[in-house]
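Taken together, the values in this text are just the output of simple stated rules run on the coordinates, not laboratory data. Note that the coordinates shown come from a computational prediction; the quantities given were computed from them, not determined experimentally. We place every Cβ from the backbone using ideal geometry, glycine too, and count neighbours over all the protein chains shown.
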Amino acid sequence: MDTEILARIQFAFTIAFHYIYPPLSIGIGLIMVITEGLYLKTGHKQYEVLTRFWLKIFAITFGIGVATGIIMEFEFGTNWAVYSKYVGDIFGSALAAEGLFAFGLESTFLGVLIFGWNRVSPKVHFISTLGVFLGSMFSAVWIVVANSWQQTPAGYHIVGEGLNARAEVTDFWAMVLNPSSVDRIIHTWQGAFLAGAFLVLSVHAYYLIKGRYIEISKKAFKIALVVATIFSLGQLVSGHSSADGVAENQPAKLAAMEGHYDESAPADLYLFGWVDNDTQDVTGIALPGGLSFLVHQDFDAPITGLNAFPKEDQPGQVNAVFQFYHIMISIGMFLIALTLYASFLWWRGKLFDKKWLLTIFAFSVILPQIANQVGWFAAEMGRQPWIVYGHLRTSQGFSQEVSSNQIVFSLVLFAVVYSILFLLFLYSLNKKIKHGPYDEAENALEII
């Protein structure tokens with residue numbers, strides 16, 4: 001297999017696996033801030049128990065997230081040497097900021113959080129919880145800023161030529177606030193909040209189905225439902241804003257997301273479909289002129305299609321981009337419907353009367369994770385053939401001295417190690433869930 005394709009597969013595999021954990025950390029961190037804040041306000045012991053319980057799960061996700069994230073930094077140097085040289089000044093600034101201002105904040109306060117529960121006052125502990133949560137959010141900021149710069153470069157100039165060319169920062173804040181970064185940060189945050197909220201909903205729905213920890217699970221479920229409802233609706237707003245940015249800054253990507261080929265014509269909005277890149281046909285159900293309306297508020301407004309770009313500048317896997325994008329949208333709409341229906345039942349006083357609904361919530365934990373993954377796939381595959389949009393092609397960015405056999409060997413090795421880590425994560429998570437939120441000293445009784 002081609003070395004470039006293997007290098008892309010390896011990086012996609014390692015980052016996709018890593019991306020399971022940081023969103024969970026961010027989302028669980030928000031739930032912990034809420035539960036501990038309620039404990040400080042009300043003094044109700046159940047909120048303290050919930051915070052302690054989810055802190056244990058947070059620590060597991062944080063630890064594996066750190067372990068799996070380190071690999072990617074080495075891959076930049078081994079498999080993507082030309083790219084690393086090109087973006088080194090940009091990524092160096094962003095990743096240094098992430099290490100200093102985000103990871104340092106998060107890891108420092110996590111130590112206080114885990115080891116200082118009985119050594120510091122409740123207010124200091126709450127501040128530490130808030131520090132961990134903010135640290136995880138800041139970490140996401142700098143990672144997304146670096147990635148967004150690849151999508152919409154700003155605040156730089158090019159120094160050198162050919163293989164010695166590199167982007168150099170001329171305006172740090174223009175680089176940070178590049179045209180796509182703010183929309184993508186908000187969208188990523190909200191996806192993380194949903195990942196954490198639906199894990200909480202899943203675990204406590206399971207307890208309610210099994211008739212365990214009823215009172216405390218009802219409280220946790222309601223907290224997570226509020227978070228999930230707010231941010232599933234929020235994704236509509238941030239997703240629309242992000243799509244508007246793509247339409248302006250990366251029109252070829254938008255065209256691929258909706259399978260729109262005509263050089264300049266009104267574009268339909270597909271609910272689902274299948275793209276044949278050879279015939280340039282899309283088979284599916286669509287709202288005529290829907291994409292034109294979303295972008296320009298006019299059903300007849302023209303949208304730039306893929307045929308407006310040279311063949312070599314078009315995304316190669318149009319159907320894959322189309323499918324990933326529409327899977328993300330479909331999951332997002334389902335989560336909105338699910339949370340709004342559950343909120344309606346809560347208002348009617350019947351939230352916990354329907355076992356089938358709790359069963360759906362118990363299994364729904366996987367949906368935000370899938371949406372996060374396929375949304376990232378659509379964004380990155382839609383950027384192709386550019387690794388830095390409009391400047392450096394992916395085919396120019398990988399290391400010329402690394403052989404395909406070396407990449408295959410390391411990919412297999414990573415797959416084995418990551419499989420072990422994933423099984424360890426599932427085992428540890430399952431053990432904590434089965435143990436329940438109460439310590440044995442409390443005899444697993446409900447705290448009133």
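Overview of results
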| quantity | calculated |
| --- | --- |
| Where a label projected 7 Å from the Cα of Gln280 along Cα→Cβ would reach, residues of segment 300-317 with amide N under 18 Å | 302-317 |
| Size of segment 236-328 as Cα extents on the principal axes (Å, biggest first) | 32, 24, 23 |
| Calculated P(r) tail over 30 Å for the chain, as whole % of Cα pairs | 48 |
| Surrounding net charge for Ser180, when Lys and Arg each add one and Asp and Glu each subtract one, Cβ distance under 15 Å | -1 |
| Value of relative contact order over segment 27-170, rounded to a whole percent, pairs C-alpha under 8 Å and six or more apart | 28 |
| Calculated P(r) of segment 133-195 - Cα pairs past 13 Å, % | 64 |
| Karplus 3J(HN,Hα) series, Hz, for segment 66-83 with 6.51 cos²θ - 1.76 cosθ + 1.60 (x for Gly, Pro) | 5, 4, 7, x, 5, 4, 4, 5, 6, 5, 4, x, 7, 8, 10, 5, 5, 4 |
| Lysines whose Cα lies under 20 Å from that of Lys222, excluding same-chain neighbours fewer than 8 positions away | Lys41, Lys45, Lys210, Lys350, Lys354, Lys355 |
| Ala67 versus Val412: modelled label distance in nm, points set 7 Å from Cα along the beta carbon direction | 2.3 |
| Cα convex hull volume per residue for segment 316-374 (Å³) | 64 |
| Per-residue [θ]222 nm for the chain (sum of -39500 (n - 2.57) over DSSP H runs n ≥ 4, rounded to 500) | -23500 deg cm²/dmol |
| Debye intensity ratio in log₁₀ form over the Cα atoms of segment 1-128, taken at each q of 0.12, 0.15 Å⁻¹ | -0.59, -0.80 |
| Approximate spin-label separation Ile230-Ile127, in nm, with each point projected 7 Å along Cα-to-Cβ | 2.4 |
| P(r) tail fraction, segment 3-72 - alpha-carbon pairs more than 16 Å apart, % | 57 |
| Virtual spin-label span in nm between His157 and Phe309, 7 Å along Cα→Cβ | 2.8 |
| Alpha-carbon Debye profile of segment 136-275, log10 I(q)/I(0) at 0.12, 0.13, 0.17 Å⁻¹ | -0.71, -0.79, -1.01 |
